[in-house]
Amino acid sequence: MSGDEVLYWGDHEQFRELRGKSGIKRDRHGVVKFPKSMCGPCNNARSQPFDLAYDRYAEYVTERPTRKIPGLDFETVYGESWENDLLNLARYFGKHFGCRMARSRVPVPGSLRSFLDGATDMPDAHMALITTDSVHRLYRHGMYIGPDGVHVSSDCSRFTGYVMAVYLGSFGVRYMWSEDEIPDEERSQFFHFPRPILNYFRTEEAVMRGDTRKPGLLVRFLQWAQKPRNDSGPTS
């Protein structure tokens, strides 16, 4: 943001206006920035590659607003360095989800901490590229943070799962953590493939449940026509 550009932030009922970079820095009501939950070196120098990978992703998806595509081509986004840059993009989103957990005072999974610290997978978590009809209708030209879904044990003594999503325009990333490890065949991480497919949902409630819908006929045809037999993985 620069000059007098305006950011509107709200929850469908109450909206706040932040004008320019100075408004973001002040953010007196804490509506944009998370409370401090990381040390300065981790939030800046150590995670700078995550931020740079996100910047390139953001530029790419904001120039391609249509959802009528079978997936995103990260070889086009990042070139020959796609494997490392795509991991850093996923870690950017992982940092976002971890900060949300810290804000909500729920435990941050050890697998997420390890992933941010260099691990290349999370055996008890899954991250997928998504697009959601209800979010697309309202926020296709902006940014949107979906609600947090939290599962607890029957005696309410511990957390057993999380589901979270964040969107830039029509495209989002869904994070799901389970107390138990997720079988490999159900854990096709988007950040392991150069052309991961989009998972389509109707509503945010469906995102929480993991109930995908079939994409349109054109998208299904393109998915079939363009799907390499070794790198797309199943829908989540």
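The number of residues in segment 99-128 that are within 21 Å of Asp51 (Cβ to Cβ), without any contact (Cβ under 8 Å) to a residue 40 or more places away in the chain and part of a helix (DSSP H, G or I) comes to 3. Remark: Ala119 falls outside the filter, which requires a residue to be crowded, with 17+ Cβ neighbours inside 10 Å and hydrophobic (A, V, I, L, M, F, W, C).
We did not get these values from a lab; they are worked out from the coordinates using the rules stated. Here the structure is a predicted model, which means the values were calculated and not measured. Positions of Cβ are backbone-derived with ideal geometry, glycine not excepted, and every protein chain shown enters the neighbour counts.
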